[in-house]
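What follows is one structure encoded as structure tokens, with my remarks underneath.
We did not get these values from a lab; they are worked out from the coordinates using the rules stated. These numbers come from a predicted model, not from an experiment. In this analysis, Cβ positions are derived from the backbone assuming ideal geometry, glycine residues included, and neighbour counts consider all displayed protein chains.
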Amino acid sequence: MGTAGGGENRDNGQAKLGRHLTLLTALPPALLTLLLLLYMPDIAAGRTISFGFVWIADLGIAFRFYIDALSLLFALLISAIGAFVAIYAVAFLHGHPQLRRFFLYLYLFIVGMLGLVLAGDLITLFVFWEVTSVASYLLIGFNHTSAVARRSALQALLVTTLGGLCLLVGLLLLGSVAGSYEMTQVLASGEAVRASPLYFAILILLLIGAFSKSAQLPFHFWLPNAMAAPTPVSAYLHSATMVKAGIYLLARMHPVMGQTDIWEWTLTCTGAATATVAAVAALRQTDLKLALAYTTVIALGTLTMFLGSDATIVIAAAITFLFVHSLYKAALFMVVGIIDKQAGTRDINKLGGLGQSMQITFVIALAAALSMAGFPPFLGFIGKELKYEGALAVASEPALVATAAVFANAVTVTVAGMVALKPFLGRPNHVYPNVQEAPAGLWISPLILGGLGLTFGLVPELVNDELITPAVTAILGTSETIELKLWHGLNIPLLLSILTFGLGIAMYLGLSRLRDWLSWDFSHAPTNADQLWDKSLEKLRLIAALQTNLLQNGVMRHYLTVIFFTISLVLTYALIRTGQYSLVFEWPHLNLKEWAAILLTVGGALMAGAARKPLIAICALGALGVGIALIYLFFGAPDVAITQLLVETLFLVLVAAILPRLPVFSPGRKIRFRSRDAALGALLGLLVTLTILVVLQTPFDSPASNFFKEASVPQAHGRNIVNVILVDFRALDTFGEIIVVFTAAIAAVTLLGHRLRRGKQ
Amino acid sequence: MNSLVLQSATRVLVALLLVFSVYMLLRGHNHPGGGFIAGLIAASAFALFAMAWGMEAAQSALRIPPGNLAATGVLIAAFSGVLAVFFEGAPFSGQWLQLTGHKNTGGISISNVLIFDIGVYLVVFGSVLTLIFALEEVK
């Protein structure tokens, strides 16, 4: 007990020291933010920065980065919010035994995201895209002892890598059409790409990639499940990163792929549908974190919907909203994390009256929620006004877009109320009576983020001139002027705003009844995407089990049968395909020792097939092997002959060791198997012989062997060509092979050890 | 197997086989032989020893666990591959240091190629013996 107490004290001391040190983890992203801010005026003026190095010259692939206004905006959000999340995580995960691991994953993720948005080469972009997939898998599954977390992590990984594979194919096609993988050249070749017959395929593949990452229908289900991650991760994944990767891709590809009907319609409809579905789902949630997660899906749907258009105001709305959303969503997730930590629950029905004891958190929640709900004078209001203006300007379907936007925003208002009002107002809850205000480390980050939402709302020029307008310009390719202001005058967007507030507040007031109704309705639905996912995974496993049982059922004879049968099929096909050839068979002129070797080989084979006892069969096989070794020796391959002979010897030793345990010669069924095996063996032998004869008909062109013959002495200083090839010309291959040999030995020992233990039990 | 003839012969044969394996390893560059063959010969020597004197005697005669031998071999081969980089060659390319005489006509030279072949030798030697010893335990 005493030692345990002492250990605890020491741990506390270390933790305190560690905590101050871990705050340093926020430093790199913070410094990066400052660096990017330094570049901001230049970039806003239209300059771009490009650097990197050639990666695979033959394929025209470079490891290149490219910074323009659009990537700068994303990079700023990623690094700045990354710094705040790091500060928050230090306090949130205080005392967590795997804090270091957490920060390792978080940094991997930040690097992945930054690389993605700054990539100046399509392949570079893809590499970082995959990095974010892997890092998010690790982060979502951080609480790896929880089965839910593991499932969610795997789901996120599978969905996003599935999209990633499609993206890779799409990017390769795009690169081939554009003639280069370099971002600037791809961006400049929009017309050629749109005129290409491959345009449709490229579009579909890129959209699957973007939609899976940004949780659009029908891939929307993984994002709310990703809530299994620790709250700092959710705050980061949902606000600035991960899910915005798809949006970034859409924005980046807008000048290349956009401005077509199919782009506009697909994005608008998918986005609108996603926003609507997510809005309905958000209303059903009682878990604050889940409700927020669904509002993220709403936001992503809205962004996708807007990126379908190419009108200035719509794109401006999308970019402004993207910026606003990152600020308030990160803050709100952090607030929910604080509530969870201090009150012990995130269930809205159990929370209430926290406002008295948690005044700072309450204020922060209000600030962020007002921005999210789009109340003036917050930046969210400007974003929302722009959204309505943009929605009405969408050329294809203004009514649809505007309706979806109003409904989605109304739900967002409701969820804002759920997060910022419900837990803090009302009677204090008696289940958790002694709730205290969170430590500063927890509320400082959301406070700054929420404060920024207010500051930028009051002085929108701060972000407009150097961030948002240049980013819109970068997307549309033409110089744009956008005005962000709080008062737009009495117009339709303002009316829609008032309608939104009314609807949202009404839904908030009738929330419990609405939820009852919705949950009743949904419980009758036959299935949902999540269940469908489970079912398809199960089917996949069934198919895998089926084919494994069919092809690899663990019986050696079966394996060999499958392999020999497949080789026979392939050889037959090859022989038929080759078509015309005349086989010239000459009676060979061999001397006595060569005939003897052949006799030994053939006799050994026949005897092995006919033998009734295992020992005889194995000895016959040995004779066969020696016969083959002799043939090698007689026809000028002494190295191969020696190897063959040694392998035969060792094989005999090994087989002798396991002979008593071999089940091969079990009596009873052997006749049937024997005849089948003999037929298959004879067939294969015949086919191989035929193939060799056919191959010998064609003139032998041997640049490789000629090279080895000529270069062996002057270049590698060795007269034994076989050995020179092994250890010099093809040394890397040999290195791979010896690793295989080594691995095989380890694997065999492991398997045998397993057998041994099982035998003893 | 408890055979006096085999046991007596083995004492001489094992030593001869091991020396022969080193001989095969070293001559491999110009004549039939090389690390792979030499490793198999060395492994057969210990297999013979194990048959005559028993597995435990063979294991204690080897002194080192054969798995370690194989792992060392992989490391040596990798080291030789990396070595080439320090001599401004591509990884795993042959690098030669001529001590006396002239290349191709004689003299004494050392090279990372031989180091690589020694790695191969150890891997094959160790891996095969690992297998033989493991199978014996099962029995």
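Key figures for this structure:
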quantity: Sorted by Cβ density within 10 Å, fewest first, the residues A:134, A:280, A:463, A:555; calculated: A:555, A:280, A:134, A:463
quantity: Positive-end extreme of charge dipole, segment A:262-509 - chosen from A:331, A:296, A:348 (charges on Cβ); calculated: A:348
quantity: For chain A: Kirkwood Rh in Å [reciprocal of mean 1/r, alpha carbons]; calculated: 30.9
quantity: Along each principal axis, Cα extent of segment A:319-464, largest first, Å; calculated: 55, 32, 18
quantity: Fewest-first ranking of A:648, A:182, using other Cβ atoms within 10 Å as the exposure measure; calculated: A:648, A:182
quantity: Dipole of segment A:504-619 [Lys/Arg +1, Asp/Glu -1 at C-beta], most positive-end residue of A:529, A:589, A:600; calculated: A:600
quantity: Student exercise, the protein assembly as shown dipole from Lys, Arg, Asp, Glu Cβ charges, in Debye to nearest 20; calculated: 3260
quantity: Whole-angstrom gap from segment A:34-55 to segment A:272-345, using each part's C-alpha centre; calculated: 29
quantity: Contact order relative to length of segment A:262-509, as percent, for alpha carbon pairs under 8 angstrom and 6 or more apart; calculated: 27
quantity: Exposure proxy ranking, count of Cβ atoms within 10 Å, fewest first, for A:557, B:63; calculated: B:63, A:557
quantity: Chain A, relative contact order [Cα under 8 Å, separation at least 6], %; calculated: 10
quantity: Point-charge dipole on Cβ atoms (K/R +1, D/E -1) for chain B, about Cα centre, debye to 20; calculated: 240
quantity: Full-stretch length increase - residue A:47, residue A:678 - with 0.36 nm per residue and alpha-carbon distance subtracted; calculated: 219.6 nm
quantity: About the Cα centre, charge dipole magnitude for segment A:262-509 (Lys/Arg +1, Asp/Glu -1 at Cβ), debye; calculated: 980
quantity: MRE, 222 nm, helices only [DSSP H, n ≥ 4, -39500 (n - 2.57), over chain A, to nearest 500]; calculated: -25000 deg cm²/dmol
quantity: Cα pair distances exceeding 27 angstrom across segment B:4-138, given as percent; calculated: 29
quantity: Long-range amide H partners of residue A:55 with built H, under 5 Å; calculated: A:61, A:62, A:63
quantity: log10 of Debye I(q)/I(0), alpha-carbon scatterers only, for segment A:554-706 at 0.17 Å⁻¹; calculated: -1.29
quantity: Percent of beta bridges antiparallel (DSSP, the protein assembly as shown, rounded to nearest 5); calculated: 100
quantity: For A:637-648, mean number of other protein chain Cβ atoms within 10 Å; calculated: 4
quantity: Contour excess over end-to-end distance, with Cα ends at residue A:732 and residue A:145 and 0.36 nm allotted per residue; calculated: 207.2 nm
quantity: Too-long pairs where the Cα-Cα distance tops 21 Å, listed order kept, from A:341/A:384; A:289/A:341; A:289/A:535; A:289/A:539; A:289/A:384; A:289/A:422; calculated: A:341/A:384; A:289/A:535; A:289/A:539; A:289/A:384
quantity: Helix A:69-92 vs. chain A, principal-axis angle (Cα, 0 to 90°, nearest 10); calculated: 90
